[in-house]
Amino acid sequence: MENKDLKIELTKSIEEQITKMKKNTGDNTPIRSMDYFYEAAKNIYRINNIDSSTPVVGTFCNMIPEELILAVGAKPLRICGGFQGTIPISESILPQVYCPLIKSSVGFFMKNMLNDLNMLIVPTTCDGKKKAAEILAEKITTLIMEVPHTIESPQARELWLREVMILKRNLTSHLSKKITRKGLRQAIEKTNKKRALLRELYELRKKNPPILGADALLVTHMSFYSDLDSWITHTEALVNELKVKEAVREEPNLRVMLTGAPVILPTWKIPLLIEESGGLIVMDDLCSGAKMLLRNCEVRSWNMYDMLIGLADYYLMSGCPCFVPNNTRITRILNDIKDYQIDGVVYHNLSGCQLYGGEAWRVEKALKKQDIPVLRLETSYGEGDIKQLKIRVDAFIEMLEARKEV
Ligand code: SF4
Ligand code: SF4
């Protein structure tokens, strides 16, 4: 398919998802501040509007300290792909069994749709990312960050701090710009402001949410793609609007947590299906959502070394299933279940993701102990399985309803 046609197809699928999101709000007064996020979503991979005055650094995953990219005067852009359209091209060089996220991302580069990025940073969190980094290095300057397999040893913390320091050095040398103490402090303060706003947004969902989960997830998701200043301005406006808005659903809500592999635009089918079935997503544990964003990056003092330690420690607590053991994630999920009064959990896995697939059993076991029902779904980016998914999601939501009535 020609690039022009791919871009049209991508925009069309994003617009379709947005239409469904709007439809799900039913008779509720539309949230005016959401318009910015719906519009921004249409340019998620910079497909329509490229501002070339600022260098852009592509990042795979939650483990990359965006503060260093901001401090060097560049724009971080998450390049995890969520688009089915770029998968067939990448399957000519990647095994079909790779997860769709990897195949979609590599496909974007093979179609030269992201090759104008200044550089790319990839963590060694899974085999797919490692091999993708090798392939993409032939197209674009690619930096690999070595991620330890555990967070529970002093050596792991040291290794990761060293990786963060190497990243700082490589960003400055590749982009020929400095990272100053003041610049890094401002970047950390700004990203903490983003996190504080998200905490406010999520706090509003603890009782009777004034916003659907698919919309709230879009707001969080766009923080990985939009210009940060503009995202902050519009999220402030959204939070203020929501503070005086009525609940989006009548009580009792069937309160769902969505966890598992990242949900990435334009593949919004899982959150949409849950809310079309009558569930209400009030919390997520997704790397494409709030998984890391509800706590601040803490810095002991504003000297360069302490800031780098603060960043390394913050990102090491990602709760990524590449860590063994990954108790951080399970503890966080259990705490959120209490705080957000969760009735049931949907565990989303992407076909080919061994990490999330392999960790599902431990998470389910921990949830069963607390008598929290779990629905495990495995899917990819196509729409072929949507009917089957719908049957399972409907049955799960009905079961939650029945439990609530008892
Ligand atoms: S699960 Fe999250 S932190 Fe781990 S590799 Fe995927 S995006 Fe990165
Ligand atoms: S979904 Fe799983 S396999 Fe795919 S990139 Fe993320 S961690 Fe790797």
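Readers should treat all values here as calculations from the given coordinates under stated rules, not as data from a laboratory. All values reported here derive from a predicted model rather than from experimental measurement. Because the Cβ atoms are built from the backbone with ideal geometry, glycine has one as well, and the counts that use them run over all protein chains shown.
Miscellaneous remarks
- Sole residue being in contact with a Leu (Cβ under 7 Å, 6 or more places away or on another chain) and under 25 Å from Asp385 (Cβ atoms), chosen from Gly107, Gly85, Gly128: Gly85
- Qualifying positions in region 129-166 - touching a strand residue (DSSP E or B) at 6+ places or on another chain (Cβ under 6 Å) and in a helix (DSSP H, G or I): Lys129, Ala133, Leu136, Glu163
- Criterion applied to Asp336, Asp306, Asp371, Asp313 was being farther than 29 Å from Pro95 by Cα and either of a type in the set (Lys, Arg) or touching a strand residue (DSSP E or B) at 6+ places or on another chain (Cβ under 9 Å) (or both), and the one residue passing it is Asp336.
- Scan of region 70-96 for residues that are assigned to a helix (DSSP H, G or I) and either under 13 Å from Asp227 (Cα atoms) or within 16 Å of ligand 1 (Cβ to nearest atom) (or both), ordered by number: Leu70
- Filtering Val406, Val324 for residues that are among the β-branched types (Val, Ile, Thr), surrounded by fewer than 19 Cβ atoms within 10 Å (Cβ to Cβ) and free of Cβ contacts under 8 Å to residues at least 24 places away in the same chain leaves a single hit, Val406.
- Matching residues, region 280-311, being in contact with a Phe, Trp or Tyr (Cβ under 8 Å, 6 or more places away or on another chain) and not in a loop (DSSP other than H, G, I, E, B): Val282, Met283
- Filter result (surrounded by 16 or more Cβ atoms within 10 Å (Cβ to Cβ), of a type in the set (Gly, Ala, Ser) and more than 17 Å from the chain's Cα centre (by Cα)) within region 92-148: Gly107, Gly128, Ala132, Ala133
- Phe108 within 16 Å of ligand 2 (Cβ to nearest atom) and over 17 Å from Ser288 (Cα atoms): yes
- Residue in region 125-148 that is more than 15 Å from ligand 2 (Cβ to nearest atom) and closer than 24 Å to Arg295 by Cα present: yes
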